[in-house]
Amino acid sequence: MTALAECERVHRASRVRAGPVAAMLERLDAFGERSQFDDLMTICACDFRAYRGRSGQAYPKAAILAEAIDACSDAAESIESGDALAARAKAIAKAFASERWADAAL
């Protein structure tokens, strides 16, 4: 994994982009080997805090991605029974209340 490239993608994660968030989490194996994902979150948090005025702040994207992972854990049955990426995207969209994916998620 190229941490620099992935760090930029993590910084752009958004609650209105459930599909890309699901794809990124799959690519980063966040649903399997969590240690690499956790290491990447540490790198991203350090990068975020390197800017003036952010040194003591929590990294907001880590919370968003943790919420997405939790949503996928809650939807484990539907993920196992069909297209995992689509099921994860729907679960994330529902958790994020993403209007962009609202029709697909409900």
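Just so it is clear, none of the values below were taken in a lab; they were calculated from the coordinates. Since this is a predicted model, take the numbers as computed values, not measurements. Cβ: placed from backbone, ideal geometry, glycine included. Neighbour counts: every protein chain shown.
Observations
- MRE, 222 nm, helices only [DSSP H, n ≥ 4, -39500 (n - 2.57), over the chain, to nearest 500]: -20000 deg cm²/dmol
- Ranked ASP47, ASP83, criterion: other C-beta atoms within 10 Å, fewest first: ASP83, ASP47
- Evaluated with a Cβ-only charge set (Lys, Arg +1; Asp, Glu -1), the range 3-105 carries a dipole of roughly 620 debye about its Cα centre, given to the nearest 20.
- Shape call, the range 42-95: gyration tensor on alpha carbons, a/c limit 1.5: prolate
- Per-selection Rg to Rh, the range 3-105 - Cα, Kirkwood hydrodynamic radius: 0.99
- Estimated FRET transfer efficiency when R0 is 30 angstrom, pair ALA97-ARG27 (beta carbons, to 0.05): 0.80
- Normalised by the number of residues in the chain, the mean separation of alpha-carbon contacts (under 8 Å, six or more apart) gives a relative contact order of 36 percent.
- Think of the range 3-105 as a dipole: +1 on every Lys or Arg Cβ, -1 on every Asp or Glu Cβ, centred on the Cα centre; then among GLN57, LEU85, LEU28, GLN57 lies furthest on the positive end.
- Fewest-first sequence of GLU67, GLU33, GLU6 by Cβ atoms within 10 Å of each Cβ: GLU33, GLU67, GLU6
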